[in-house]
Amino acid sequence: MATTTLTRSTPAARGQVIRQPRRKPTIGKAVAVAVAAVLALLWLVPFAWAAVTAFKTEADASAPKVTWIPPSGFTAEAFINVFQAGNIPLWTWNSLYTSAAITFITLVISALIAYALSRIEFKGKKVLMTAIIASIIVPPPVLMIPLFYQMLAFKMIDTPWAIILPQVIHPAMVFVLKKFFDQIPRELEEAAVMDGASRLRIFMTIILPLSRPILAAVAIFTFIGAWNNFLWPFISTNDDSLLTLPVGLQTIKSAYGVQYAQNMASALLAALPLIVVFLFFQRQIIKGISTTGLAGT
């Protein structure tokens, strides 16, 4: 006589998801969240004040009494004055394509140098690496005069290349990429070499795909730095048609003294593209920092 065994159906067998018990928040975690919230609030207050001031009238913005809600109401008069006084679309386009070019060239140069330092043994490698690390601490203003005379000798002053070329060398980015490439297992390259792959093919098909997080982080930080750069584009260009947005906004002056609302409107216009970039790529920025130690370089 055949016997049957009865089995008790488990939640997993019935296709149900087993919920893990929630961990109770610790005191340390609660304190960390509270501190982070306070710091975020402290960061948001100046930005909110700038936004409120930009939508005030000049009379309300310069009034001695500090108010979040202006007596005359909010208005876009300051933004209208900025657009009427300057060529905002042209300046924005100049900043966009010069920053994009700087970012692309920086990625190509930095990645190639970093890969060579990480994987290739050659004479003077330690000296070159020491020079790269030492150049990180050199303040950029120290190089302004030599770079200006160099661009003048190449007859590049008042051209887009005068803005782009001096900004494509970033020793810090080379150092960060080199440290990331060191973490990639060499066994992957050895297997590719046995299959007959060249050094360039290994770099393009193995190293770069595995380095997307750090490449994205480097690209975003380079773009932000190029976009915010005021001093070098101000020195290297005199043609009004080549002005970048930070430089162009500084040319908008009023004969009536300091215009607080107009200045805040200009600052918001300059920061708006960077805010958009951060909103779209914040995951890549955080991932790149957390996986590569970019914050400590």
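The values are calculated or read from the model by the stated rules, or taken from the named source; none is laboratory data. Please read all numbers here as calculations on a predicted model, not as lab measurements. Counting neighbours? That spans all protein chains shown, and the Cβs are built from the backbone with ideal geometry, glycine included. We work out accessible area using only protein heavy atoms, side chains counted, and drop any ligands, DNA or RNA first. Shrake-Rupley method; radii C 1.70, N 1.55, O 1.52, S 1.80 Å.
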query = What tally of residues in segment 147-180 results from selecting those that are part of a helix (DSSP H, G or I) and either touching a Lys or Arg at 6+ places or on another chain (Cβ under 7 Å) or at positive phi (or both)?
reply = 0
query = Taking segment 231-249, which residues are under 23 Å from the mean Cα position of the chain (by Cα) and exposed (fewer than 15 other Cβ atoms within 10 Å of the Cβ)?
reply = Leu231
Count of residues meeting criterion [outside any helix (DSSP H, G or I) and of a type in the set (Gly, Ala, Ser)] in segment 72-106 = 4
inquiry  = Would you confirm whether or not segment 250-259 contains a residue that is more than 29 Å from Leu165 (Cβ to Cβ), crowded, with 18+ Cβ neighbours inside 10 Å and at pLDDT below 85?
reply    = yes
message = I need the full set of residues from segment 170-198 which are over 25 Å from Ala131 (Cα atoms) and either among the basic types (Lys, Arg) or open to solvent by less than 30 Å² (accessible area, probe 1.4 Å) (or both), in order please.
response = Arg186, Glu189, Ala192, Ala197
task = Considering only residues that are in a helix (DSSP H, G or I) and out of contact with any Phe, Trp or Tyr (no Cβ under 9 Å at 6 or more places or on another chain), look in segment 111-126 and name the one that is modelled with the highest pLDDT.
result = Ile113
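Each row is one residue, and each column tells you yes or no for (1) more than 17 Å from Pro246 (Cβ to Cβ); (2) among the hydroxyl-bearing types (Ser, Thr, Tyr); (3) open to solvent by 60 Å² or more (accessible area, probe 1.4 Å).
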position	(1), (2), (3)
Phe83	no, no, yes
Ser95	no, yes, no
Val108	yes, no, yes
Ile133	yes, no, yes
Gln167	no, no, no
Among (1) touching a residue at least 24 places away in the same chain (Cβ under 8 Å); (2) open to solvent by less than 20 Å² (accessible area, probe 1.4 Å), the one test that Ile202 misses = (1)
note = Quick count over segment 127-146, residues being part of a helix (DSSP H, G or I) and either under 18 Å from Leu177 (Cβ atoms) or within 24 Å of the chain's Cα centre (by Cα) (or both), is 13
request  = Being within 18 Å of Ser99 (Cβ to Cβ) and touching a helix residue (DSSP H, G or I) at 6+ places or on another chain (Cβ under 6 Å) narrows it down to one of Ala261, Ala265, Ala226, Ala271, so name that one.
outcome  = Ala226
ask   = Restricting the search to segment 51-71, which residues are part of a loop (DSSP other than H, G, I, E, B) and either more than 23 Å from Leu269 (Cα to Cα) or among the aliphatic types (A, V, I, L, M) (or both)?
value = Ala63, Pro64, Lys65, Val66, Ile69, Pro71
